[in-house]
Amino acid sequence: MSGLMNILVIVAVVAIIFARQFKERRITTENKRWWVLPVVLAVVALREPGLLDPSHHTAAALLLAAQLVIGLAGGAAWAWTTRMWTDGEGAVWTKGGWATAGVWIVSMAVRIGLFAVGAPLGIHQGGPATMLSIAAMLLTRTGVTAWRAQSLRPAYRVPVAG
């Protein structure tokens with residue numbers, strides 16, 4: 001994919017996910033495909049050339065690692081700031097609020113800060129690194145949310161005959 005396509009994919013994914021977090025959504029813990037989108041993003045990112053700047057391999061790897069840590073931490077914070085509840089039928093619902101939006105804003109600001117650190121040093125950080133970080137964020141958020149949802153489901157007991 002070209003650099004412009006990478007940017008368009010990143011912006012589209014972020015815009016869709018950001019907008020969806022403010023809508024009430026019913027979630028199911030039976031969904032075994034919650035990891036698909038993050039894995040697809042990661043595969044696309046890893047297949048792209050330029051994940052690491054060959055001129056500054058070590059520094060670029062450190063910045064990539066920092067982006068991944070930001071993605072993991074941001075995903076966990078996003079999941080924990082998402083409001084979750086059950087309805088009368090036991091279905092689990094989620095909705096993000098201002099704290100969730102704050103997590104997104106801080107996460108993006110820190111990512112921009114990493115670009116600001118690397119740019120004067122001549123370290124090229126492209127779309128694949130950002131895509132990989134977003135994949136980490138989505139994977140963590142969805143995994144933690146699914147884990148939290150399981151703890152909200154009521155435990156139904158089957159009456160024992162006898």
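The values are calculated or read from the model by the stated rules, or taken from the named source; none is laboratory data. For clarity, every value in this text was computed on a predicted model and none was experimentally measured. No Cβ is skipped: glycine too gets one built from the backbone with ideal geometry, and neighbour counts run over all protein chains shown. Just the protein is used for accessible areas: all its heavy atoms, side chains included, with ligands, DNA and RNA removed. Shrake-Rupley method; radii C 1.70, N 1.55, O 1.52, S 1.80 Å.
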query: Against the longest alpha carbon principal axis of the chain, how many degrees, from 0 to 90 and to the nearest 10, is the axis of helix 98-118 turned?
result: 20
message: Between helix 127-152 and the chain, what is the angle of the helix's C-alpha long axis to the longest principal axis, kept within 0 to 90° and rounded to the nearest 10?
response: 10
- prompt: With each label point set 7 Å from Cα along the Cα-Cβ vector, what nm distance links A99 and Q150?
  reply: 2.3
- line: Per segment 1-156, sqrt(5λ) over the Cα gyration tensor eigenvalues, sorted largest first, in Å, gives 32, 15, 13
task: Just reorder H124, H56 by solvent-accessible area, largest first, 1.4 Å probe, all chains present.
output: H124, H56
query: How much length is gained if the chain between E89 and V11 is pulled fully straight, taking 0.36 nm per residue apart and subtracting their Cα-Cα distance, in nm to one decimal?
result: 24.4 nm
field: Ratio of Rg to Rh over segment 42-126 (Cα coordinates, Kirkwood Rh, two decimals)
entry: 1.15
- request: Please arrange W34, W85, W104 by accessible surface area, largest first, computed with a 1.4 Å probe and ligands excluded.
  value: W34, W85, W104
statement: For segment 25-124 the trypsin sites (Lys or Arg not before Pro) that pass both the DSSP coil test and the at-most-14 other-Cβ-within-10 Å test are K32, R33
query: For helix 36-47, what angle does its Cα long axis make with the longest principal axis of the chain, in degrees from 0 to 90 and rounded to 10?
result: 10
